[in-house]
Amino acid sequence: MSTVQSGERHVGVVGLAVMGENLALNIERNGFAPAVYNRTAARTEEFLAKRAMGTDILGTFTIEEFVGALERPRRILLMVKAGPPVDAVIAELAPYLEPGDILIDGGNSLFTDTERRSHEVADKGFHFIGMGVSGGEEGALWGPSLMPGGPNEAWVELEPMLTAIAAKSASGPCVTHIGPGGSGHYVKMIHNGIEYGDMQLIAETYDVMRRSLGMTAAEIGEVFDRWNEGKLESFLVEITGKVLKYVDPLTEEPLVNVIADQAAQKGTGRWTSQNSYELGTPIPVIDAAVIARSLSSFKSRRLEASKVIKGPGSEGMPFPPTPDKQQLIDALENALYVAKITSYAQGMALLATASETYNWDLDLSEIARIWTGGCIIRAELLNPIMQAFKTNPQLANLMLAPYFVEQVNSGSPQLREVIHTAIGFGIPSSAMNAAISYIDTYRQPLLPANLIQGLRDYFGAHTYERTDREGIFHTEWMQVGV
Ligand code: 6PG
């Protein structure tokens, strides 16, 4: 069924994997008539015959037919795999496009690729929007969080449709014009880095309950369900409860107990860490999460090492006494909250640096706002984050906003307690450790970097500054006999 004529379709969607299909259905449900195209015609036919049946979605089978079906300026959403396929589709479309047409890349593209494509496409007179789309398959269908970056004139053309299809939270539609160039994909990259941090912190919390308290998956699931009613309320905490309580029909065991302990990654977390090194704004909790996933993949090496390297629980090294259950669970709730705060503080600090470095003029409050609904990291915590940057857009670090000062001060003793328990039981807790070290480093008027400077000057005459007088100094350490 097609009520809007071919040649007048409001938007085109290229790529009918599940995200492309779901966005096309979402767009149609919200009153915009899409035309769709997929490289393999059978996929388009199947979509039209099944999920798109009875909707106003027009299937097309050649690029020419697809482009010809769209009203002008053409709005074309690319939902293809990040990387070379994006360039390939742009090259296929380009001969049929006209100046003013808009290409939107809705994949998880690397922001530097988006910058490059923006220039290449602009040279031909087209607009390019790099749009982060978060919320997984359900989000794409029922309301994702959208992070579009690119020229303002293209955003103005897209705003009504993107506003209609985005998730709605108490603070409004979860979409905003992020800024120019690759800024939309950059913000999505940071979102994913934070997603990695959140998941690693949740996994460590689960591990402490499992191994130091001997709790079952279902029991731990109940704890996460309870936490989801308090300040930890978030999509990831909610689905942690569900995943932990799910029983495998094959074994009648909790499914999580038979899932291999090797975490995969597609690269967005690693990109976040790489960029933070480049910009010199550390994100240690996110780094720890990326590293933990990589280490988890060394399964056979871990098994080998477990036979020879000893720790708590090995022969002659008994575990500490079992902690008080309720006290540790309460401590874990606050520890997870404070650790999450440091992780978001790191992500937001990196956004601030990127905004300055790349001249993007990012609105951090608005970014936190569009993450309050639809996306994977949506959480109650994003409301005070949004407020903090609204009150003070120049906030140097989220932890310094009055609400967060209070939370860090009241919760960090429990974060220490949890880490102490984890170390006592030999439970890896690198993200929790990174969180407390970040707090301890950030609040420290005096760090041991003086010694680093002394060492650098000793072996390489790298010079140092002094605390008691102005200037740059070098010491002939060896000549003075040290
Ligand atoms: C989202 C997710 C989504 C994707 C992750 C998975 O916001 O909807 O972030 O984009 O599921 O990128 O990434 P990994 O495979 O690297 O965990």
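Coordinate-derived values only; no laboratory data. Just so you know, these numbers come straight off a predicted model, no measurement behind them. Cβ: placed from backbone, ideal geometry, glycine included. Neighbour counts: every protein chain shown.
Can you sort Tyr37, Tyr186, Tyr337 from fewest to most other Cβ atoms within 10 Å of each residue's own Cβ?
Tyr337, Tyr37, Tyr186
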Checklist line | Proxy reagent accessibility, fewest Cβ within 10 Å first, across Trp371, Trp227, Trp360 | finding: Trp360, Trp227, Trp371
Note to self: Suppose we keep just the DSSP beta bridges with both residues in the chain; what percent of those would be antiparallel, to 5?
What the structure shows: 30 percent
Next item on the list: Place a +1 charge on the Cβ of each Lys and Arg in segment 188-442 and a -1 charge on the Cβ of each Asp and Glu, then give the dipole magnitude about the Cα centre in debye, rounded to the nearest 20.
Entry: 560 debye
Next item on the list: Select from Ser118, Ala331, Thr281 the residue farthest towards the positive end of the dipole of the chain; place +1 on Cβ of Lys and Arg, -1 on Cβ of Asp and Glu, and compute about the Cα centre.
Entry: Ala331
Check: Counting only residues 5 or more places away or on other chains, whose amide H sits under 5 Å from the amide H of Val13 once H atoms are built in the peptide plane?
Finding: Ala35, Val36, Tyr37, Leu77
Check: Which whole-Hz ³J(HN,Hα) couplings does segment 258-266 yield from phi under the Karplus relation 6.51 cos²θ - 1.76 cosθ + 1.60, θ = phi - 60°, glycine and proline marked x?
Finding: 10, 7, 4, 8, 10, 8, 8, 7, 9
Next item on the list: Enumerate the calculated ³J(HN,Hα) couplings along segment 219-228 in order (Karplus 6.51 cos²θ - 1.76 cosθ + 1.60, θ = phi - 60°), each rounded to whole Hz, writing x wherever the residue is Gly or Pro.
Entry: 4, 5, x, 4, 4, 4, 4, 5, 4, 5
Check: Which semi-axes, in whole Å and largest first, does the equivalent ellipsoid of segment 308-393 have when worked out from the alpha carbon gyration tensor as the square roots of 5 times its eigenvalues?
Finding: 39, 18, 10
Margin query: Can you work out the Karplus-derived ³J(HN,Hα) for every residue in segment 179-193? Use 6.51 cos²θ - 1.76 cosθ + 1.60 with θ = phi - 60°, whole Hz, and x for glycine or proline.
Written below: x, x, x, x, 4, x, 5, 5, 5, 5, 4, 5, 3, 5, x
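Calculate how large, on average over all directions, the projected area of the Cα convex hull of segment 123-212 is; give the answer in nm² to one decimal.
Mean projected area of the Cα convex hull: 7.7 nm².
Cα convex hull of the chain: mean projected area in nm², to one decimal?
29.2 nm²
Taking 8 Å as the Cα distance limit and 6 or more residues as the minimum spacing, I'd like the relative contact order of the chain as a percentage.
13 percent
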Margin query: Over all directions, the average projected area of the alpha-carbon convex hull for segment 188-442 comes to how many nm²?
Written below: 14.4 nm²
Notebook entry, point to check: Fewest first, what order do Leu250, Leu455, Leu97 take by the number of other Cβ atoms within 10 Å?
Noted result: Leu250, Leu455, Leu97
Next item on the list: DSSP loop (so not H, G, I, E, B), at most 13 other Cβ within 10 Å: list which GluC sites (Glu not before Pro) in segment 190-285 pass both filters.
Entry: Glu229, Glu252
Notebook entry, point to check: Between segment 77-141 and segment 173-205, what's the alpha-carbon centroid distance in Å?
Noted result: 19 Å
Checklist line | Rounded to 10°, Cα long-axis angle of helix 430-442 versus longest principal axis of the chain | finding: 70 degrees
Check: If we count every other residue with Cβ under 14 angstrom of Ala218's Cβ, Lys/Arg +1 and Asp/Glu -1, where does the sum land?
Finding: -2
Margin query: Just to be sure I follow: if Rg is taken over the C-alpha atoms of segment 11-181 and Rh is the Kirkwood radius over the same atoms, what is Rg/Rh?
Written below: 0.93
Next item on the list: For n ≥ 4 DSSP H runs only, could you compute -39500 (n - 2.57) per run for the chain, divide by its residues and tell me the 222 nm figure to the nearest 500?
Entry: -17000 deg cm²/dmol
